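Visitor: Please find one structure pasted underneath; my questions will follow.
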Amino acid sequence: MKRLSSEAVPYMRVRAMIDMLFWFIIAGAVTGLSLWFDWPAYVIWSAAGIFIVLFIINVIIRPLIFYRVTRYELAEEQIIVKKGFIIIRTTLIPIKRIQGVELSTGPVSRRYGLSILRAKTASMGIDMPPIEISEGGQLKKQIIDMVKEEISDV
């Protein structure tokens, strides 16, 4: 199975920092309400502590573990993706069940030269981990070619 690009870790850290803005706003609101209503000081310290713990887990630890665990492979008859943080899942999708393939990039992922490939079936979809844009284009083309070749009884 293939490993992720080394650019995946900084990409995931930037995405996590963007997500942490929400928690920063919540912690700020709790602090503001605490000062406004003259709540005990432990409320402010609790909000700050929770924010710091979430920051350490989501921005520092999670990308490293995700990078070490995540693998993907395009086999002859299926796509295999293994990813996770606490719960590690291995997902298999048969090529003959795929109905569409989508390659997407956003501003942050383009900065790191990464893209997200999504293969869709009738019942579900599978998101590949962040892969290089050129490799994502090649995988998309390979999957489309394999789907065209596949004779399905469905």
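The values are calculated or read from the model by the stated rules, or taken from the named source; none is laboratory data. Every value quoted in this text rests on a predicted model; they were computed, and no experiment measured them. Cβ: placed from backbone, ideal geometry, glycine included. Neighbour counts: every protein chain shown. The area values use the complete protein model at the heavy-atom level, side chains included, leaving out ligands, DNA and RNA. Shrake-Rupley method; radii C 1.70, N 1.55, O 1.52, S 1.80 Å.
Visitor: Report, in debye and to the nearest 20, how large the dipole of the stretch 1-127 comes out about its Cα centre when Lys and Arg carry +1 and Asp and Glu carry -1 on their Cβ.
Guide: Rounded to the nearest 20 debye, it is 480 debye.
Visitor: Another question, if that's okay. What lysines could a cross-link reach from residue 83, if we take a straight Cα to Cα line under 26 Å and drop same-chain neighbours fewer than 8 places away?
Guide: 2, 96, 120, 140, 141
Visitor: If you don't mind, another one. What net charge is computed for the residues neighbouring residue 61, neighbours being all others with C-beta under 14 Å from the C-beta of residue 61, Lys and Arg scored +1, Asp and Glu -1?
Guide: Charge balance near residue 61 sits at +3.
Visitor: Place a label point 7 angstrom from the Cα of residue 80 along the Cα-to-Cβ direction, then list the residues of the stretch 1-20 whose backbone nitrogen is under 11 Å away.
Guide: Residues 1-2 qualify, since their backbone N sits under 11 Å from the label point.
Visitor: Roughly how many percent of the accessible protein surface of the stretch 99-138 is carbon and sulfur, given a 1.4 Å probe and a whole-percent answer?
Guide: 48 percent
Visitor: Towards the positive end of the charge dipole of the chain, with charges on Cβ (+1 Lys, Arg; -1 Asp, Glu), say which of 26, 98, 146 has the farthest Cα.
Guide: Projecting each Cα onto the dipole axis, the largest value belongs to 26.
Visitor: Can I ask one more? Under the definition of Cα pairs under 8 Å and six or more residues apart, what whole-number percent is the relative contact order of the chain?
Guide: Relative contact order here is 22 percent.
Visitor: Quick one: helix 133-149 against the long Cα principal axis of the chain, what's the angle to the nearest 10°, folded into 0 to 90?
Guide: 40 degrees
Visitor: Now a separate question. Go ahead and run the numbers for FRET between residue 14 and residue 135, Cβ-Cβ distance against an R0 of 22 Å, rounding to 0.05.
Guide: It comes out at approximately 0.65.
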